[in-house]
Amino acid sequence: MSDTTDGAGEDADAELIAALRDAEAVLFGEFELSHGGTSDYYVDKYRFETDPTCLRLIAEAYAERVGDATLAGVALGAVPLVAATAVETGSPYVIVRKAAKEYGTGNRIEGELDAGEEVVVLEDIATTGQSALDAAEALREAGATVNRVLVVVDREEGAADLLADHGLELESLLTATRLLDSE
């Protein structure tokens, strides 16, 4: 896992942290998380994904990291992130559903994807890493080459280890430590 640490990266971190706070996306209290655990803080992806300033900063930061790869967003949370990043980079993208839909085309992966295509998975928050892993595995089953997952915030609760165990590198714009230390 990597997190920006150089001088320019620290400035970008500070700008993103300020934007997340301005959007009231970092909340404190008692929260139940999607994996069933609890936390005394919560990063509200819907607050930062619906805030134009946050979305622009995230798309710009992702654009610096994705290279020429096709982008994949995990539905539903990463759809705004992958769409904004695709506009920023001009790269194609696909959307990976948690399960194949049971109507229409029945696709699990929406969008055009060729066998052997290099794909980077974009995600909002990484806690356990399971949803990013599920998406990467679906993409690999479809013939894509997937080695990286980019997230806005790594909560540092095991996602990097789980993903590494499956040949995936986790890269975050921010870690929970960096985000909360700025409080």
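The values are calculated or read from the model by the stated rules, or taken from the named source; none is laboratory data. None of these values were measured; they are calculated from a predicted model. Because the Cβ atoms are built from the backbone with ideal geometry, glycine has one as well, and the counts that use them run over all protein chains shown.
Is it fair to say Asn147 is among the polar types (S, T, N, Q) and modelled with pLDDT under 95?
no
I'd like the full set of residues that are touching a helix residue (DSSP H, G or I) at 6+ places or on another chain (Cβ under 8 Å) and at pLDDT below 95, limited to region 57-79.
Scanning region 57-79 gives Val74, Gly77.
When Glu24 is evaluated against the numbered criteria (1) outside any helix (DSSP H, G or I); (2) of a type in the set (Asp, Glu); (3) surrounded by 12 or more Cβ atoms within 10 Å (Cβ to Cβ), which criterion, by number, is the only one it fails?
It is condition (3) that Glu24 fails.
I'd like the full set of residues that are within 14 Å of Ala25 (Cβ to Cβ), surrounded by fewer than 21 Cβ atoms within 10 Å (Cβ to Cβ) and in contact with a helix residue (DSSP H, G or I) (Cβ under 8 Å, 6 or more places away or on another chain), limited to region 146-183.
Ser182
List, please: which pairs have Cβ atoms under 7 Å, are six or more places apart or on different chains, and start with a residue in region 44-55 that is closer than 12 Å to Arg21 by Cα and end with one that is surrounded by fewer than 17 Cβ atoms within 10 Å (Cβ to Cβ)?
Asp44/Leu27; Arg47/Glu24
In region 69-79, which residues are under 25 Å from Tyr46 (Cβ atoms) and crowded, with 20+ Cβ neighbours inside 10 Å?
Listed by number, the residues that qualify are Leu71, Ala72, Gly73, Val74, Ala78.
For every residue, the table says whether it meets (1) modelled with pLDDT of 95 or more; (2) in contact with a Pro (Cβ under 7 Å, 6 or more places away or on another chain).
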residue	(1), (2)
Leu55	yes, yes
Leu81	yes, no
Ala84	yes, no
Val94	yes, no
Glu102	no, no
Thr105	no, no
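Can Thr38 be described as on the phi < 0 side of the Ramachandran plot, at pLDDT below 95 and surrounded by fewer than 21 Cβ atoms within 10 Å (Cβ to Cβ)?
For Thr38, the condition - on the phi < 0 side of the Ramachandran plot, at pLDDT below 95 and surrounded by fewer than 21 Cβ atoms within 10 Å (Cβ to Cβ) - is met.
Taking Thr128, is it within 20 Å of Ala160 (Cβ to Cβ) and surrounded by fewer than 22 Cβ atoms within 10 Å (Cβ to Cβ)?
Considered against the rule, which asks whether it is within 20 Å of Ala160 (Cβ to Cβ) and surrounded by fewer than 22 Cβ atoms within 10 Å (Cβ to Cβ), Thr128 comes out as yes.
Scan region 50-89 residue by residue and report those that are closer than 19 Å to Ala138 by Cα and outside any helix (DSSP H, G or I).
Answer for region 50-89, where residues must be closer than 19 Å to Ala138 by Cα and outside any helix (DSSP H, G or I): Ala69, Thr70, Leu71, Ala72, Gly73, Val74, Ala75, Leu76, Gly77, Ala78.
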